[in-house]
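The structure under discussion appears below in the form of structure tokens.
Every read-out reported here was derived from the displayed coordinates using simple, explicitly stated rules and does not represent laboratory data. Quick caveat: nothing in here was measured; it's all calculated off a predicted structure. Cβ placement follows ideal geometry from the backbone for every residue including glycine, while neighbour counts extend to all protein chains displayed.
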Amino acid sequence: MKESRNVESFSLDHTTVKAPYVRLAGKKSGPKGDIVTKFDVRFTQPNLEFLPTGGIHTLEHLMAEYIRDEMDGVIDLSPMGCRTGFYLTVFGDRSEQDVAARLSRVLAKVAAWDDAEAVPGVDPVMCGNWKDHDLAAAKYWANRWVEGIAKKGWQA
Ligand SMILES: [Zn+2]
């Protein structure tokens with residue numbers, strides 16, 4: 001039996017998950033009754049593949065910008081340090097399928113991104129490492145995510 005840890009993902013068996021997926025990783029209610037939910041948005045199969053740094057960075061910019069057009073109450077979208085996916089934290093009680101459908105719409109937009117169009121926030125004022133971006137990798141992984149999720153029957 002695994003030892004109990006403070007960090008939820010340390011209790012997740014990364015060898016049995018099947019990426020891509022959306023997984024409810026936590027739900028908390030604050031002292032005033034607000035509900036906050038956190039999702040594990042996985043792109044690559046853990047310990048087999050990982051996102052290149054430029055690609056995960058560009059995905060972060062595009063997803064963080066456009067997920068807010070698809071759902072209210074987004075608190076945060078951040079890359080995982082292992083570079084296999086992102087955490088999405090939102091207000092309210094949301095289902096994995098609802099989040100997957102909304103992310104599919106965002107990532108379909110990313111996959112079809114016009115190379116001539118600037119990615120939001122890519123300049124030295126708005127970004128902390130603005131030269132470390134890779135739009136081609138972001139588009140490739142966005143497309144793989146959308147196709148993988150569609151195969152699971154979680155279409156937008
Ligand atoms: Zn940045």
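Comparing 61, 133, 14 in a Gaussian network model of the chain, where Cα atoms under 10 Å apart are tied by springs, the biggest mean-square fluctuation is seen for 14. Over the chain, what is the mean sequence separation of C-alpha contacts under 8 Å (at least six apart), divided by residue count, expressed as relative contact order in percent? Result for the chain is 25 percent.
Taking the longest Cα principal axis of the chain as reference, the axis of helix 135-151 is set at about 50 degrees. Over the stretch 45-121, Cα pairs under 8 Å with separation of 6+ residues give a relative contact order of 34 percent.
Considering helices alone, the calculated mean residue ellipticity of the chain at 222 nm is -11000 deg cm²/dmol, with DSSP H runs of length four and up weighted by -39500 (n - 2.57) and normalised per residue.
Taking other C-beta atoms within 10 angstrom as a stand-in for reagent exposure, 88, 24 fall in the order 24, 88, fewest first.
Helix 53-70 axis versus longest C-alpha principal axis of the chain: approximately 70°, rounded to the nearest ten.
Computed on the stretch 81-156, with alpha-carbon pairs under 8 angstrom and 6+ residues apart, the relative contact order is 45 percent. Magnitude of the charge dipole for the stretch 1-95, about its Cα centre and with charges confined to Cβ atoms of Lys, Arg (+1) and Asp, Glu (-1), is about 320 debye. In degrees, nearest 10, range 0 to 90: what is the angle between the Cα axis of helix 96-111 and the longest Cα principal axis of the chain? Tilt of helix 96-111: around 10 degrees.
When the Gaussian network model of the chain links Cα atoms closer than 10 Å, the mean-square fluctuations of 80, 126, 71 top out at 126. For the chain, a Gaussian network of Cα nodes joined below 10 Å ranks 120, 46, 20 by mean-square fluctuation, and the top entry is 120. I want to check the label-to-label distance for residue 16 and residue 118. Put each point 7 Å from Cα in the C-beta direction and report it in nm to one decimal. The two pseudo-label positions are separated by 4.8 nm. Using the alpha-carbon positions of the chain, Rg (one decimal) and Dmax (whole number) come out as 15.6, 52 Å.
Taking amide H atoms as placed 1.01 Å from N in the peptide plane, the amide H of residue 25 lies under 5 Å from those of 38, 39, 40, each 5 or more residues away in sequence or on another chain.
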